[in-house]
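First comes the structure, then the notes that go with it.
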Amino acid sequence: MQFLLSGSRAIHYQAVGLDEAKPVIVFINSLGTDFRIWNAVMAALGDGYAYVVHDKRGHGLSDTGSAPYTIDDHVDDLEALLDHLYVRKAVIWGLSVGGLIAQGLYARRPDLVAALILSNTAHKIGSADMWNDRIGKIEHDGIAPLVDGVMERWFTPAFRKLDNADYLGARTMLARQDAEGYAGTCAAIRDADFTALAPEIAVPTLCIAGDGDGSTPPDLVAALSGLIPGSRLSTIKDCGHIPCLEQPEAYAAAAETFLKSLPEL
């Protein structure tokens with residue numbers, strides 16, 4: 001296991017292949033998940049890339065610290081990690097809230113970003129009332145009562161089968177999520193708005209949607225793509241909000257088409 005102190009918080013991370021002069025992909029997780037969600041995607045992409053993954057504060061094995069958080073707090077941790085690893089000009093691949101963090105990193109440190117993959121995300125996700133309601137429910141009752149509803153937004157009905165071990169594993173991952181870390185990141189999503197900043201993105205960008213995504217529907221992802229000059233949009237069929245678990249091969253293939261078009265990689 002690898003840990004980095006970011007301020008007073010221990011951030012859990014893994015770096016693979018950084019010493020081999022390969023193009024670097026930095027993955028940023030969605031809400032309520034840990035970095036193991038990227039395993040199948042990394043396997044599909046193969047050893048032609050180096051990879052950096054980490055657990056956001058309040059997720060996985062990273063410290064919770066003082067919640068609620070802001071997107072800037074999450075950017076602080078990622079920036080510290082990339083500086084620690086001497087990573088420059090990486091592909092920053094963010095899923096859901098990870099896409100907001102990726103946009104925040106680009107706004108602050110464009111020198112770290114060669115390209116963006118913004119997946120199942122938007123320039124602004126949800127309303128303040130929606131997030132405040134979810135935070136209140138978590139503070140009162142914990143994570144468990146929300147799991148079924150979240151699963152319906154995360155995955156298509158075809159994936160949500162009790163004989164599907166991957167689905168059951170995803171349920172367990174969310175059910176074991178630290179409630180304070182989850183609610184703290186809900187607050188970060190609530191307060192994030194990159195509507196004005198998205199048109200300033202000047203690196204190659206791929207936006208990816210799932211056609212069955214109940215959290216960030218395809219039209220919302222398309223709206224983000226429409227704000228970013230020259231961005232590409234790809235939609236994964238028969239897929240919900242977490243394509244790295246539901247359709248990892250198709251997800252990796254869509255990304256690799258984009259990655260191979262980047263002359264600097």
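The values are calculated or read from the model by the stated rules, or taken from the named source; none is laboratory data. All figures in this text were calculated on a predicted structure; none of them were measured in a lab. Because the Cβ atoms are built from the backbone with ideal geometry, glycine has one as well, and the counts that use them run over all protein chains shown. Only protein heavy atoms, including side chains, enter the accessible area calculation; ligands, DNA and RNA are left aside. Shrake-Rupley method; radii C 1.70, N 1.55, O 1.52, S 1.80 Å.
List of remarks:
- Residue match in region 226-241 (condition: closer than 29 Å to G136 by Cβ and out of contact with any Ser or Thr (no Cβ under 7 Å at 6 or more places or on another chain)): no
- When residues of region 14-27 are limited to those that are in contact with a helix residue (DSSP H, G or I) (Cβ under 8 Å, 6 or more places away or on another chain) and surrounded by fewer than 19 Cβ atoms within 10 Å (Cβ to Cβ), the one farthest from G99 (Cα to Cα): V16
- Tally of residues being open to solvent by 10 Å² or more (accessible area, probe 1.4 Å), touching a helix residue (DSSP H, G or I) at 6+ places or on another chain (Cβ under 9 Å) and part of a helix (DSSP H, G or I) across region 227-265: 9
- In region 114-129, the residues that are in a helix (DSSP H, G or I) and touching a residue at least 60 places away in the same chain (Cβ under 8 Å): A128
- Being part of a helix (DSSP H, G or I), in contact with a strand residue (DSSP E or B) (Cβ under 8 Å, 6 or more places away or on another chain) and small (G, A, S) is true of A80.
- Any hit, region 55-63, residues being in a helix (DSSP H, G or I) and small (G, A, S): no
- Qualifying residue in region 28-41 (condition: farther than 21 Å from P110 by Cα, touching a Lys or Arg at 6+ places or on another chain (Cβ under 7 Å) and surrounded by fewer than 20 Cβ atoms within 10 Å (Cβ to Cβ)): no
- Test for D213: is it in a helix (DSSP H, G or I) and farther than 17 Å from I92 by Cα: no
- Qualifying residue in region 197-206 (condition: open to solvent by 10 Å² or more (accessible area, probe 1.4 Å) and polar (S, T, N, Q)): no
- Picking from residues in region 140-160 that are crowded, with 16+ Cβ neighbours inside 10 Å and part of a loop (DSSP other than H, G, I, E, B), the one that is nearest to the chain's Cα centre (by Cα) is F155.
- Checked against (1) open to solvent by less than 30 Å² (accessible area, probe 1.4 Å); (2) part of a helix (DSSP H, G or I), K137 passes all but condition (1).
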